[in-house]
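Before any comments, here is the structure.
The values are calculated or read from the model by the stated rules, or taken from the named source; none is laboratory data. Computed from a prediction, not measured in an experiment: that's the story for all the values here. Here the Cβ positions follow ideal geometry from the backbone for every residue, glycine too, while neighbour counts run over all protein chains shown.
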Amino acid sequence: MSTVASQPRTAIKGGAIYRGGTGMLTWLLHRISGVAVVYFLTLHIFEAMNLFGGPAAYNAATDAYKQPWFRPFEVALVLAVVYHALNGLRVAMFDYWPQTTKHHRIVFRIGAAIFVLIALAVAIVMLRPLFSLSLAQIFEVKSAGSLIYALVIVLPVALPVLYIAWRGSGLSTGPMIVSPSSSRPAPTMSRFENLAWQFMRLSGVVMVLLIFLHLFIMHFTNDITAITGQFVFDRFAATPIWIIIDLLILFLAWLHGLNGLRIVLTDYIRRGNARKIVLAVIGLFGLVWLATGAAVLFYVQRGLGA
Ligand code: HEM
Ligand code: HEM
């Protein structure tokens with residue numbers, strides 16, 4: 001099924017040239033935000049593994065997020081998820097109901113307006129606590145470890161994004177490897193690829209609800225400074241349903257994210273041993289991280305280490 005949102009890519013040797021326009025820009029931002037969230041989720045599961053060491057170990061592992069100057073980066077993360085989710089819903093709508101592509105301009109404008117409104121609300125709620133702090137308090141570094149970990153969270157995403165923005169802005173010469181389409185048509189040659197394509201869309205729709213609820217609890221009903229190891233143990237003990245919800249987010253987000261990463265990487269690494277190695281690493285690492293992430297949740301649920 002080929003729609004306006006999923007036209008064939010304009011291939012040239014080494015990729016496709018970035019030509020600007022909303023279709024390409026939304027596609028590029030979707031790809032960047034997706035890969036950035038995969039990276040965050042990898043670290044996020046690693047941080048959760050510290051719950052095996054009890055609340056204090058978890059607090060030490062997540063200190064970086066409690067530094068006021070780190071707040072804008074958390075806002076950026078939430079906005080990356082919001083952008084990716086809204087654009088993903090738009091793409092899925094065009095793919096399943098091709099007749100809606102007739103109205104693609106208005107759909108884009110409505111999506112953009114919703115994004116701006118959510119972004120304003122997120123920025124106000126998350127940054128407001130900073131307004132009552134002095135500059136010294138805002139720029140306080142909790143420890144050398146939390147500064148280094150903050151850089152580990154931010155730099156691997158920020159540096160490539162700045163590089164891509166620089167190349168896309170025309171400051172540099174040479175083609176940028178992007179696709180001119182917002183999405184891809186459902187693959188028909190392979191049953192596995194077709195199922196994976198359907199999974200990306202269905203898991204995305206379900207995750208919108210689950211992840212927004214997760215973020216709402218972590219950033220709106222609580223301030224990030226209140227999200228401690230004890231908070232996690234207490235909320236699992238008080239409301240056992242959280243394990244089901246977290247397991248569902250873990251399963252869907254991790255599989256969706258890794259399958260997305262596979263699509264992105266194999267777009268650029270088209271054949272040969274490098275491709276096989278990339279796929280094997282994603283598969284193996286994906287399984288180990290998924291199993292450990294689930295084990296953490298069962299551990300917390302049983303009240304062990306609290
Ligand atoms: C919150 C709800 C979400 C929705 C509605 C959504 C939707 C989508 C859709 C429709 C696609 C296009 C798939 C395709 O072209 O075959 C996609 C791709 C992708 N998603 Fe998501 N997604 C969501 C959350 C996430 C999360 C949490 C992650 C990371 C853990 C993620 C990572 C990716 C990646 C890496 C891609 C591949 C991008 C590409 O091919 O250029 N997504 N998403
Ligand atoms: C900075 C924003 C975020 C904060 C403060 C946060 C906080 C937490 C906390 C405290 C937990 C421990 C379990 C619990 O209490 O539910 C957790 C688990 C989890 N979160 Fe988040 N979260 C954030 C963003 C996200 C995003 C964007 C995703 C999805 C891409 C996500 C996916 C998960 C998953 C899958 C788990 C379970 C981890 C495991 O099984 O090891 N979180 N989060």
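Condition test on residue 246, is it more than 9 Å from ligand 1 (Cβ to nearest atom), within 22 Å of the chain's Cα centre (by Cα) and crowded, with 17+ Cβ neighbours inside 10 Å?
yes
Tell me, yes or no, whether the stretch 63-72 has at least one residue that is within 30 Å of residue 110 (Cα to Cα), in contact (Cβ under 8 Å) with a residue 12 or more places away in the chain and either within 8 Å of ligand 2 (Cβ to nearest atom) or touching a Cys at 6+ places or on another chain (Cβ under 9 Å) (or both).
No: zero hits.
Given the conditions (1) more than 28 Å from residue 26 (Cβ to Cβ); (2) within 16 Å of ligand 1 (Cβ to nearest atom), and given that residue 108 satisfies all but one, which numbered condition is not satisfied?
Every condition holds for residue 108 apart from (1).
Within the stretch 195-223, take every residue that is over 17 Å from the mean Cα position of the chain (by Cα) and surrounded by 16 or more Cβ atoms within 10 Å (Cβ to Cβ) and give me the one that is farthest from ligand 2 (Cβ to nearest atom).
197
Looking only at residues in the stretch 270-306 that are over 22 Å from the mean Cα position of the chain (by Cα) and among the β-branched types (Val, Ile, Thr), which one is nearest to residue 195 (Cα to Cα)?
Checking each candidate, the answer is 277.
Which one of these is modelled with pLDDT of 95 or more and buried (at least 16 other Cβ atoms within 10 Å of the Cβ): 36, 113?
So the residue among 36, 113 that is modelled with pLDDT of 95 or more and buried (at least 16 other Cβ atoms within 10 Å of the Cβ) is 36.
Residue by residue through the stretch 53-64, note down the ones that are surrounded by fewer than 21 Cβ atoms within 10 Å (Cβ to Cβ) and not aliphatic (A, V, I, L, M).
Within the stretch 53-64, 53, 54, 55, 59, 62, 63 qualify.
Identify the residue in the stretch 245-283 that is aromatic (Phe, Trp, Tyr) and at pLDDT 95 or above and, among all such residues, is nearest to residue 39 (Cα to Cα).
254
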